[in-house]
Amino acid sequence: MKLLGRILLAFSAIVLAIGAWIHTAGFDRMSTGVAKSDLNPFLSKGFKVLWLQDSTIAIVLSIVFAFVAIRPAAASQPLIFLLALVPVITATLTYYFIGNFFGGHIFLVAGIAAILGAVLYPATKRL
């Protein structure tokens, strides 16, 4: 079970990294669409910030989950569980406001894998 928990955390890290890459790659296209819209400049800039913030959160969580998969003593089980809630809640908000959307699926899969990884997390002594 120790190995399976680590594999699930690594899987979550990979899914989040791929999701962050896809999301960041769409920034120029989104920026073009926003520039053509009649959005207030403040909202336009805020939308860009939120777009990149989403990518940043995904890549940071990816790095954390990968690090913990490699070095299980680096984090506690409750901390991993709390961090895993971020993509699950993001997916929930995506489904609520956008509907059935690929980005929500990516976050949901990554979050569930991380939660299962936390449940199966090896009990190790802290350094």
Filter result (in contact with a Phe, Trp or Tyr (Cβ under 9 Å, 6 or more places away or on another chain), assigned to a loop (DSSP other than H, G, I, E, B) and not aliphatic (A, V, I, L, M)) within region 42-84: 76
Matching entry among 67, 97, 107, 81 (being crowded, with 21+ Cβ neighbours inside 10 Å and either modelled with pLDDT of 95 or more or farther than 30 Å from residue 28 by Cα (or both)): 107
Residue within region 18-26 that is of a type outside the set (Phe, Trp, Tyr), closer than 28 Å to residue 120 by Cβ and over 13 Å from the mean Cα position of the chain (by Cα) present: no
Residue that is surrounded by the most Cβ atoms within 10 Å (Cβ to Cβ), among those in region 1-41 that are among the hydroxyl-bearing types (Ser, Thr, Tyr) and outside any loop (DSSP other than H, G, I, E, B): 12
Qualifying residue in region 42-51 (condition: polar (S, T, N, Q), under 17 Å from residue 121 (Cα atoms) and surrounded by fewer than 17 Cβ atoms within 10 Å (Cβ to Cβ)): no
Residues located in region 91-102, provided they are closer than 16 Å to residue 51 by Cα and touching a Leu at 6+ places or on another chain (Cβ under 9 Å): 91, 94
Region 84-94, residues that are hydrophobic (A, V, I, L, M, F, W, C) and either over 12 Å from the mean Cα position of the chain (by Cα) or surrounded by fewer than 21 Cβ atoms within 10 Å (Cβ to Cβ) (or both): 85, 86, 88, 89, 93
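The values are calculated or read from the model by the stated rules, or taken from the named source; none is laboratory data. Small disclaimer: the values here were computed from a predicted structure and weren't measured. Methodologically, a virtual Cβ is constructed for each residue, glycine included, from the backbone with ideal geometry; neighbour enumeration extends over all protein chains shown.
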